[in-house]
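Report on one structure; see the data block that follows.
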Amino acid sequence: MKKSRLGALVAVAAASALVLAGCSAGSGDSGDTIKKGSSVTAAQNSSFSSYNSNSANGNSTYNSNITYMTSGNWFYYDSTPKLVLNEKFGTVEKLKDDPLTVKYTIKKGVEWSDGVQIGAADLLMNWATGLTKYNDEKGVNFTSAAAGLTDAVSKVPEVGDGGRSITLTFDKQYVDWQLFLGFGVGPVAAHAAYTEAFPDVKGAKADDAFVKAIQDDDTATLTKVASAWSTKFDWTDMPSDKLLYLSSGPYIVSAAKKDQYITLTANKKYTWGPQPHLEKITVRFIQDPTAQVQALQNGEVQVISGQATADTVTALKALKNVTTTTTPTSTYEHIDLTMNNGGPFDPKTYGGDADKAKLVRQAFMLTIPRQQIVDNLIKPIQSDAKLVDSQVFLPGAAGYDESVANNGSSDYAKVDIDKAKQLLAQAGVKTPVNVKFMYGKSNTRRAAEYALIAASAKQAGFNVIDAGNDDWSSLLGNGSYDAVLFAWQFTSLAVLGSQATFTSNGGSNFNGYNNATVDSDFKTLESTIGNASKQKELLANVDKEIWGDAYGVTVFQFPDVTGFSNKVTGVKDAPLSPNVFWNFFDWKLK
């Protein structure tokens, strides 16, 4: 339902059907017991920063990789990708078509790692954190990455089955009803967030209190709970408070060191999904892909995956007893321009003149050497790599070619310094125009992209200031930069996957973008069921509006390179998030 941002956050593969496949052998269900003492270390190229990967601040691939392994779920995507149904966790049932009525139920005995039954309170939290009215800076404010995505159910869901289910009555038809509450619960337990806000209320009583607060619309109580939910679970070193890392899934966090590693140990109580084989999985944070290869060669890690360079691919292939794969992923690189920070791309800078600000944005976009970035940095890894020319479709997805033909991206296919200068002159701005440019400072590929962009833009009169920062993810939306380079990663095939990014009040809208037509098209899309042609038409119009507003540019689709020791079996990359971690439960040591 949402995008995850990737610093190497869920765009939409339009009209993709959800294909259910039952859990089967080979997906962690072989019945094998966990081998005592077994451990695998994997590397990812950025640090863990928050256990709440659903908050706007914590919505990062590098956080969700971890919480994916500690969370129970109804669904997950395999490497096809097909949506796999896990009925051991619970059920999602459509009760009625008119009005659309859906019941979510958690099975009895499915518990958080502290023994509290998972249930209605946790489901209500998934619903409440996605409501626009509970993401209000002047009131209850969960600051959720999914803000606005559950507005299609305005009536408080009905609690049932002894507190293990909720029934939602939709205000209208909703295309992604099955994934409306996401893949599962958490990673933050409702009772944990409530106790963090009200320390004297614990366990099941905290769940009951949260349910009552939702049912009563008790804004005073919910304001405190929302604050706790959005801030208390941001940690990097191992916390002493166990409520801050409760697990509903196969693994429990057992150790963590800021900017170094996080270790997960098998949850002995877990029986409600694919069963893992390893006692421990440690994820190390290694930004430099060359250092990742070295760590793999030295046996310090057994699995690496992510943003390789041509040099690291060559080095990987030279290693003995290592398997290397390259997989096109559902992740795309992009550059967004900030429109609400008083900088060069903000209308306020020009007395509210939106046209002038747009001219400056267009001028900057014309200087970005998109093709050179692909040729220099991506083709050495994937020889047939091409530009990504859509903000909402990935290459190969139904609707991509038709949208690209009409969305206006062709205006920015090539660098045009002369035209950029003309637009700046038309806008009447003095040069040089300072642009604070943020990216992952220690990321080799990102640093190379910044250098190419800065050199090109300088020719047109832009002074692109290096605002590289390894904490870029936590700074998104804070107004400290004018342009930012990162990647969005599709986490599902949901039709509404881009809604939170491009709608005015979306939880993943970090640059102040506001377009009434885009908002309206997404609202219409919500209830456009069973009409793939209309879905593609609406998304294509959104795509055209975004390019027409000079929002920013897309650049390339990620070729993820995975290397793993032949001592480990079961490792298999996948296009959707969490990529190589999708089947961690299949990993074994020989």
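Read-outs: derived from the displayed coordinates by stated rules, not from any lab. It should be emphasised that the depicted structure is a prediction, and the values quoted were computed from it without experimental measurement. Cβ: placed from backbone, ideal geometry, glycine included. Neighbour counts: every protein chain shown.
Quick notes on this structure:
- Sorted fewest first by neighbouring Cβ atoms within 10 angstrom, 446, 164 come out as 164, 446.
- When both bridge partners sit in the chain, DSSP labels roughly 75% of those beta bridges antiparallel.
- C-alpha center-to-center spacing [the range 213-273, the range 365-405] in angstrom: 38 Å
- DSSP beta bridge pairing in the range 330-558, given as percent antiparallel to the nearest 5: 65 percent
- Sparse-neighbourhood loop sites, trypsin sites (Lys or Arg not before Pro) in the range 513-588 - DSSP loop, at most 14 other Cβ within 10 angstrom: 567
- For the range 306-433: rounded, prolate or oblate by the Cα gyration tensor [a/c cutoff 1.5]: prolate
- For the chain, calculated [θ]222 nm from helices alone, where every DSSP H run of n ≥ 4 adds -39500 (n - 2.57): -8000 deg cm²/dmol
- Counting charges near residue 75 (Lys, Arg +1; Asp, Glu -1) among other residues having Cβ under 13 Å from its Cβ returns a value of -1.
- When 244, 123 are arranged by Cβ crowding within 10 Å, least crowded first, meaning fewest neighbours, the order is 244, 123.
- Which of 305, 533, 498 has the fewest Cβ neighbours within 10 Å, and the rest in rising order: 533, 305, 498
- Using Cβ point charges alone (K and R +1, D and E -1), the dipole size of the range 81-186 about the Cα centre works out to roughly 180 debye.
- Ranking 119, 227, 313 by Cα position along the charge dipole of the chain, where only Lys, Arg, Asp and Glu carry charges on their C-beta atoms, puts 313 farthest toward the positive end.
- Taking a quarter of the surface of the Cα convex hull of the range 330-558 gives a mean projected area of 11.8 nm².
- Cα-centred dipole magnitude for the range 330-558, charges only on beta-carbon of K, R (+1) and D, E (-1), debye, nearest 20: 460 debye
- Alpha-carbon centroid distance for the pair the range 528-590 / the range 123-152, whole angstrom: 25 Å
- Order by protection proxy (mean Cβ within 10 Å, highest first), peptides 353-364, 91-102, 107-118: 353-364, 107-118, 91-102
- Selected from 209, 240, 193, residue furthest toward positive end of dipole (the range 149-277; charges at beta carbon): 240
- A dipole drawn for the chain from +1 and -1 charges on Cβ atoms has a positive end, and of 363, 508, 331 the residue lying farthest that way is 331.
- Whether the chain is rounded, prolate or oblate, judged on the alpha carbon gyration tensor where a/c under 1.5 counts as rounded: oblate
- If only the Cβ of Lys and Arg carry +1 and only the Cβ of Asp and Glu carry -1, the dipole of the chain around its Cα centre is close to 1180 debye.
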